């Protein structure tokens, strides 16, 4: 929270403009992934993004390669990809991570998790609260305010 306050003091109005830009960039990618129920999470969702923050998007599918194919078919250049396995509460979870740049040059990390992970409650490592995120509809409504 203190780091967020410092970033606000240093970056001011430019920070808010960047947040709106990042949310618009996220929405464009999320619309491409709409059938995979994408969710904007992380600092861009929370509104705490600062210079150097990336855009974090989760999507859900048991056919993880299909999400990659949809991104590529829609002109999204994948810069890197990696398969990640983590063990949480004795359960091994696998996800596929794609990295790209948004139309305004922001780094984007897209994590594709299994369909069974959709709607599961998870806690944020940084804040300790539940990660809720924005759906496409949530983000469209929010951006209509600006």
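Since every read-out is calculated from the coordinates, none of them should be taken as a lab result. The shown structure was predicted, so the numbers you read here are calculated from the model rather than taken from an experiment. For neighbour counting, all protein chains shown are included, and Cβ atoms are generated from backbone atoms with ideal geometry for every residue, glycine included.
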Under 8 Å for C-alpha pairs, at least 6 residues apart: give me the relative contact order for segment 52-146, rounded to a whole percent.
30
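Quick one, can you get me the convex hull of the C-alpha atoms of segment 2-143 expressed as volume per residue in Å³?
With only Cα atoms used, segment 2-143 gives 112 Å³ per residue.
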Could you check the simple spin-label distance between residue 125 and residue 24, using points 7 Å along Cα→Cβ, in nm with one decimal?
3.2
Directionally averaged shadow of segment 85-146, computed from the convex hull of its alpha-carbon atoms, nm²
6.1
Taking the chain and counting helices only, DSSP H stretches of n ≥ 4 at -39,500 (n - 2.57) each over all residues, the nearest-500 ellipticity at 222 nm comes to -12000 deg cm²/dmol
The extension gain from residue 144 to residue 77, computed as 0.36 nm times the residue separation minus the Cα-Cα distance, is 21.3 nm
Ranked highest first by average number of other Cβ atoms within 10 Å, how do 16-28, 123-135 line up?
16-28, 123-135
Taking 0.36 nm per residue of separation between residue 135 and residue 17 and subtracting their Cα-Cα distance, the length gained on full extension comes to 40.4 nm
